Amino acid sequence: MELVFIRNLIALMVLIPIVRRQGLTIPDRSQAAIYGWRVLFTYSAMTMLFFSLSKMPIADVYALQYTTPLFTMVLAVLILKQKADRHSWIACMVGFLGTLIVMRPGIIEITLASAAALTMAFLYAGTNTTIKLLSRRDSPEVITLWTNLLMLPLALIPALIFWVTPTLDQWPLVIGVGIISSI
């Protein structure tokens with residue numbers, strides 16, 4: 001939980017100077033609900049990502065994260081009313097078969113970690129869909145800044161409850177994760 005919080009804090013430190021140079025703008029109020037969904041999707045996805053990474057091999061987590069475009073395509077069709085041709089649906093099915101190969105249902109037990117990784121992919125697809133909606137009125141920098149700003153208090157509460165202070169050796173890694181994921 002503290003990784004999600006620290007990542008958001010560092011993201012704000014990276015983004016504020018960038019957005020200040022461009023001129024800080026307040027998001028369009030008509031998009032408040034979409035920002036709420038984006039914050040919820042992004043926070044939940046990040047939490048699932050860090051949980052999955054702590055419980056299963058990194059390669060498997062990222063293999064499952066590659067399902068995000070599959071879920072994004074489905075949400076784009078359902079929510080954004082975009083069209084997908086037959087080739088796109090075939091590619092989606094092939095990708096889903098690849099997911100089944102990674103998860104190997106019936107051969108090995110589907111774990112909480114693999115379910116969390118797959119849920120993370122779906123939540124990031126939700127994030128992608130909300131970004132598409134928000135970008136109709138706001139710049140990517142503003143969307144990212146306000147998402148991190150709104151997510152910070154949401155991330156703070158569980159971080160305080162479950163706080164484990166990183167060791168001196170871990171701080172550079174934690175800060176590095178925050179900087180790299182912000183960029």
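The values are calculated or read from the model by the stated rules, or taken from the named source; none is laboratory data. Bear in mind that the values here come from a model prediction, so they are computed numbers and not experimental data. Methodologically, a virtual Cβ is constructed for each residue, glycine included, from the backbone with ideal geometry; neighbour enumeration extends over all protein chains shown. The protein model used for the area step is the full one, side chains on, heavy atoms only, and it has no ligands, DNA or RNA in it. Shrake-Rupley method; radii C 1.70, N 1.55, O 1.52, S 1.80 Å.
Quick one: is T67 within 27 Å of N148 (Cα to Cα) and open to solvent by less than 40 Å² (accessible area, probe 1.4 Å)? When the stated conditions are applied, T67 passes them.
Taken as a whole, region 147-164 holds at least one residue that is open to solvent by 80 Å² or more (accessible area, probe 1.4 Å) and more than 21 Å from L40 (Cβ to Cβ).
Any residue that is touching a helix residue (DSSP H, G or I) at 6+ places or on another chain (Cβ under 9 Å), without any contact (Cβ under 8 Å) to a residue 12 or more places away in the chain, under 18 Å from L12 (Cβ atoms) and not acidic (D, E) - is there at least one of those in region 137-144? Yes: one or more hits. Within region 83-95, the set of residues being surrounded by 12 or more Cβ atoms within 10 Å (Cβ to Cβ) and either at pLDDT 90 or above or in a loop (DSSP other than H, G, I, E, B) (or both) comprises just one member, A84. Go through the residues of region 144-164 one by one and say whether even a single one is farther than 20 Å from V19 by Cβ and not in a helix (DSSP H, G or I). Yes, region 144-164 has at least one match. For the residues M46, M1, the requirement of being surrounded by 14 or more Cβ atoms within 10 Å (Cβ to Cβ), aliphatic (A, V, I, L, M) and under 17 Å from I131 (Cα atoms) singles out M46. Annotation note: Cβ proximity below 7 Å between a residue of region 7-33 that is touching a residue at least 60 places away in the same chain (Cβ under 8 Å) and a residue that is surrounded by 12 or more Cβ atoms within 10 Å (Cβ to Cβ) and hydroxyl-bearing (S, T, Y) (sequence gap 6+ or interchain) occurs for R7/S181; I10/S182; A11/S182; V14/S182; L15/T144; L15/S182; P27/Y35.
Within region 134-143, being buried (at least 18 other Cβ atoms within 10 Å of the Cβ) and either farther than 14 Å from I16 by Cα or among the basic types (K, R) (or both) holds for L134, D138. Set side by side, the residues M48, M73, M93 differ, and just one is in contact (Cβ under 8 Å) with a residue 60 or more places away in the chain and among the aliphatic types (A, V, I, L, M), which is M48.
The criterion of at least 2 residues that are under 30 Å from K83 (Cβ atoms), over 13 Å from the mean Cα position of the chain (by Cα) and at pLDDT 90 or above is met, among helices (runs of 4 or more DSSP H) falling completely within region 1-73, by 32-55.
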